[in-house]
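Engineer: Pasting in a structure now, in structure tokens, and then I'll have a few things to ask.
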Amino acid sequence: MLIRAFRPLLQQQIKISLCLASTSSDLPKNVLEDKITSHLQKSNGTVYDKKPFKITLEAGKKYFWCLCGKSKAQPFCDGTHNNTFLKIKQRPVKFEVEATKDYWLCQCKQTNMRPFCDGTHKTKIVQEATSTVRQ
Ligand code: FES
């Protein structure tokens, strides 16, 4: 709820920090970005953790990154969003990586480079939000 209310401010803050810190070319790319639209969903999920998760991903393998923040298999989807009782709007983001290597996947669910961490978790609004993982 708090994240949603401050989203416009958060997005502006992110654009500024991205301009100062790096270019989007520094971040990995979802190979499927041109073929699918799941990364374009308008809303973000709840903050699961206030830091990213480092994991080795394989090129050519398809992954489903949890956007809703409710999966018990973070940072990946476990199907929790299908529970109609929870009324979750977000769907997982299907992605594939260009090379087999280590990647930082977003766990705050507020990144603008889904599913990869873009540093948004460092913003005040994320750091002050309630997360599933206790800090
Ligand atoms: S963990 Fe979400 S942007 Fe870094």
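Engineer: Residues Q90, Q13, Q74: which one is modelled with pLDDT under 95 and either among the polar types (S, T, N, Q) or out of contact with any Asp or Glu (no Cβ under 9 Å at 6 or more places or on another chain) (or both)? Walk me through how you get there before you give the answer.
Structural biologist: Values: Q90 fails: modelled with pLDDT under 95; Q74 fails: modelled with pLDDT under 95.
After applying the criteria, what remains is Q13.
Engineer: Going by the structure shown, is T56 of a type in the set (S, T, N, Q), modelled with pLDDT of 95 or more, at negative phi and within 12 Å of the chain's Cα centre (by Cα)?
Structural biologist: Spelling it out, it is not the case that T56 is of a type in the set (S, T, N, Q), modelled with pLDDT of 95 or more, at negative phi and within 12 Å of the chain's Cα centre (by Cα).
Engineer: Which residue pairs have Cβ atoms under 6 Å apart, sit 6 or more places apart or on different chains, and have a first residue in the stretch 71-91 that is on the phi < 0 side of the Ramachandran plot and free of Cβ contacts under 8 Å to residues at least 60 places away in the same chain and a second that is assigned to a loop (DSSP other than H, G, I, E, B) and acidic (D, E)?
Structural biologist: Filtered contacts from the stretch 71-91: S71/D78; K72/D78.
The values are calculated or read from the model by the stated rules, or taken from the named source; none is laboratory data. What you see is a predicted model, and the numbers here were worked out from it, not measured in a lab. Don't worry about glycine lacking a Cβ; one is built from the backbone with ideal geometry, like all the others, and counts go over all protein chains shown.
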